[in-house]
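Heads up, the thing below is written out as structure tokens.
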Amino acid sequence: MVSIGANLNKIPAGEEKVGQVSDVKRVHRPAETLPQTTQSAIFNVHGRIRVKSIKGVVTTVIQTQANDTKFVSDPSVGADVDLCAVLDITAQAVGTVNNITGTPADAMVATASGAAVDQAVDQVVEDGAIDVSCAASNTGEMEYFIEYEPMEDGAYVNVA
């Protein structure tokens, strides 16, 4: 007699895994001071990933001064790619959630504390880093969150 139960979850390499629950992973970067008129890595990306959600949450009020801010993919090979268009984050209060829609032409979205719009479109990001870019030198701090799916064996994200 052969037991088939032991082989039910085995899927040969290279075959589609129909109906499998997604392998969404989450990484949190603790609060840090905003980049000062520059672009700075917040997450390291190892391999190719599908970004499901990326958010920056204000933990220390942002100075009242114009500061166009965006998230950027900084690949190991090739040129930087904006993950969203800029949003002026001047005077954002503690708890404000800044996230993206997934459409690079859309500005980052800011939502007052309590709720946030989820990313509607996934983005594929290559090996390298995800940066936050600030056009000015403002006081204030944000913590960052990313939800992603690895697209290849061994792909992962960690705090930069």
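The values are calculated or read from the model by the stated rules, or taken from the named source; none is laboratory data. All values reported here derive from a predicted model rather than from experimental measurement. When we count neighbours, we look across all protein chains shown, and the Cβ atoms used for this are built from the backbone with ideal geometry, even at glycine.
Please enumerate the residues belonging to the range 93-115 that are closer than 17 Å to G140 by Cβ and among the hydrophobic types (A, V, I, L, M, F, W, C). Those that are closer than 17 Å to G140 by Cβ and among the hydrophobic types (A, V, I, L, M, F, W, C): A93, V94, V97, M108, A110, A112. Within the range 31-85, being among the polar types (S, T, N, Q) and either over 24 Å from T139 (Cβ atoms) or free of Cβ contacts under 8 Å to residues at least 12 places away in the same chain (or both) holds for N44, S53, S73, S76. Evaluation of E15 against the conditions (1) under 30 Å from Q63 (Cβ atoms); (2) at pLDDT below 95 shows that the sole unmet condition is (1).
Which ones in the range 113-144 are modelled with pLDDT under 95, surrounded by fewer than 20 Cβ atoms within 10 Å (Cβ to Cβ) and touching a Lys or Arg at 6+ places or on another chain (Cβ under 8 Å)? Selection gives A116 alone.
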